[in-house]
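Asker: One structure is given below, represented as structure tokens, and several questions about it will come after.
We did not get these values from a lab; they are worked out from the coordinates using the rules stated. All values reported here derive from a predicted model rather than from experimental measurement. Because the Cβ atoms are built from the backbone with ideal geometry, glycine has one as well, and the counts that use them run over all protein chains shown.
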Amino acid sequence: MQTTRQLAGIDFGAPSHEVARQLIGVALLVDGVGGRIVETEAYDRDDPASHSFSGPSERNLAMFGPPGHAYVYRSYGIHWCLNFVCREEGHGAAVLIRAIEPLDGIELMRERRGVDDVRLLCSGPGKLCQALGVTRSHNALALDAPPFALLAPATPAVVVAGPRIGISKAMDVPWRFGLAGSRFVSRPFR
């Protein structure tokens, strides 16, 4: 059983809030389309806002899988959301990728999203998945193999933190992380 996985200089066996912070600035590509991660949120099995809080189910099984894999689910029955699994296999922790700064494949992202403004292409988890072409077919796939690529940043990112958004439980937990000053986040940090 694999308990840790290093990708782009990040130990995915670490707690989700540590991984979420470290992912800021990392480049995420799906079939060569993507950009710099500028916003994340952490979730853990002891967190009432987490999908893993009630234990494994058919929907969240990938979240309990090995670290360094994708957990993809549909939000509100409409939008796909991409998460990166953390901690040891069986634990149930992941990081939601909330926003990226588009850098590669921008024209394809515009076509997929039907939007011209580059700031609106990936400024939210559903938008990001639509722009990158992420669907349920990506669920449980390893992040260190195609179609995924994660690339470490050339320089360390300046990270800001605040409460998570779009949830109704544990809203005050400061496990939302962002690239300081980024205009590509889903909602500004206060």
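Asker: Given an 8 Å cut-off on Cα distances and at least 6 residues of separation, report the relative contact order of the chain as a percent. Could the numbers behind the result be given before it?
Answerer: Values: 495 pairs, mean separation 52.2, N = 190.
Computed value for the chain: 27 percent relative contact order.
Asker: Counting each DSSP H run of 4 or more residues in the chain as -39500 (n - 2.57), what helix-only mean residue ellipticity at 222 nm follows after dividing by all residues, to the nearest 500 deg cm²/dmol?
Answerer: Details: 3 runs with 23 residues, N = 190.
Per the formula, -3000 deg cm²/dmol.
Asker: What percent do you get for the relative contact order of the stretch 103-190 when only Cα pairs under 8 Å and 6+ apart count?
Answerer: Working: 82 pairs, mean separation 20.0, N = 88.
Averaging sequence separation for qualifying contacts and normalising by length gives 23 percent for the stretch 103-190.
Asker: Can you order the peptides 143-149, 155-161 by their average number of other Cβ atoms within 10 Å per residue, highest first?
Answerer: Working: 143-149: 16.1, 155-161: 14.1.
Ranking, from highest mean packing down: 143-149, 155-161.
Asker: What number, in nm² with one decimal, is the all-direction average of the projected area of the convex hull of the alpha-carbon atoms of the stretch 16-171? List each step's numbers first, then the result.
Answerer: Values: hull surface 34.9 nm².
The number I arrive at for the stretch 16-171 is 8.7 nm².
Asker: Find out how many positive minus negative residues lie around residue 113, taking Lys and Arg as positive, Asp and Glu as negative, among other residues whose Cβ is under 13 Å from that of residue 113. It would help to have the intermediate numbers written out before the result.
Answerer: On the way: positive: 110, 112, 119, 127; negative: 107, 111, 116, 117.
Surrounding charge for residue 113 is 0.
Asker: Of the listed peptides 173-179, 9-15, 30-36, what is their order by residue-averaged count of other C-beta atoms within 10 Å, with the highest listed first? Before the final figure, lay out each step's value.
Answerer: On the way: 173-179: 22.3, 9-15: 18.6, 30-36: 20.1.
Highest to lowest by the protection proxy: 173-179, 30-36, 9-15.
Asker: Extension gain residue 119-residue 154, at 0.36 nm per residue separation less the Cα-Cα distance, in nm?
Answerer: Working: separation 35, 0.36 × 35 = 12.60 nm, distance 2.23 nm.
Contour length minus the Cα-Cα distance gives 10.4 nm.
Asker: Once label points are set 7 Å from the Cα along Cα→Cβ at both residue 144 and residue 76, what is their separation, rounded to one decimal in nm?
Answerer: About 3.7 nm, to one decimal.
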